[in-house]
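Report on one structure; see the data block that follows.
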Amino acid sequence: MSSKEEKIQMLQKEFQEVNAYNRPTYCQECGGIMIFKGVGEYECEKCGYLAYDDYGKARNYLERHTGATSAQVSQATGVSQRSIREMLREARLEIAANSNVFLQCEVCGASIRMGRFCPKCETAYHRNLEEKARARNDKMAGFSTEIPRGEDGSKRFRREGL
Ligand SMILES: [Zn+2]
Ligand SMILES: [Zn+2]
């Protein structure tokens, strides 16, 4: 339905800012586009390299360590406590397993346990971002083997030193 698409477009900008979480856009191995696979996991469409955004890293850790504090998650994953607090505030992370709070997908209204979008709408959102990343990559065709180094990369390295 086109109204859903419009709504995704509308949410795009805000979602991108609030929800960036160091999402991998380009493959650090080959510069290919990282395709969203679900729950913070991305796979390079060219070489199959797997990477996780902050949400994926924190989520994976919490799955194995139920009830971990944000400090523990931060220490184990390298995700800043600030990002973790952001995710908690948005209910992107589900720390209390027996919580009976139900959320609604902001696009289609489906019941969800965490986050802002149901898996279907989140995937649609990411497909959209991937198209944009692809268009940007095509524009820089001559440099396609270069991995863009932006503010993101330096932030990540800095954090590893902490
Ligand atoms: Zn790759
Ligand atoms: Zn939805």
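Here is the link list: 4/57; 37/132; 57/139; 4/139. Which ones come out longer than 22 Å on Cα distance? Each step should come with its number before you reach the end.
Details: 4/57 29 Å; 37/132 17 Å; 57/139 31 Å; 4/139 29 Å.
4/57; 57/139; 4/139, as the Cα separations exceed 22 Å there.
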- ³J(HN,Hα) computed for each position of the stretch 115-127 - Karplus, 6.51 cos²θ - 1.76 cosθ + 1.60, integer Hz, glycine/proline x: x, 10, 10, 6, x, 5, 6, 5, 5, 4, 4, 5, 4
- Query: residue 112's amide H: which non-local residues (gap 5+, or another chain) put their own amide H closer than 5 Å, with H modeled 1.01 Å from N in plane and none for Pro or chain starts?
  - Reply: 103, 104, 105
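Read-outs: derived from the displayed coordinates by stated rules, not from any lab. All figures in this text were calculated on a predicted structure; none of them were measured in a lab.
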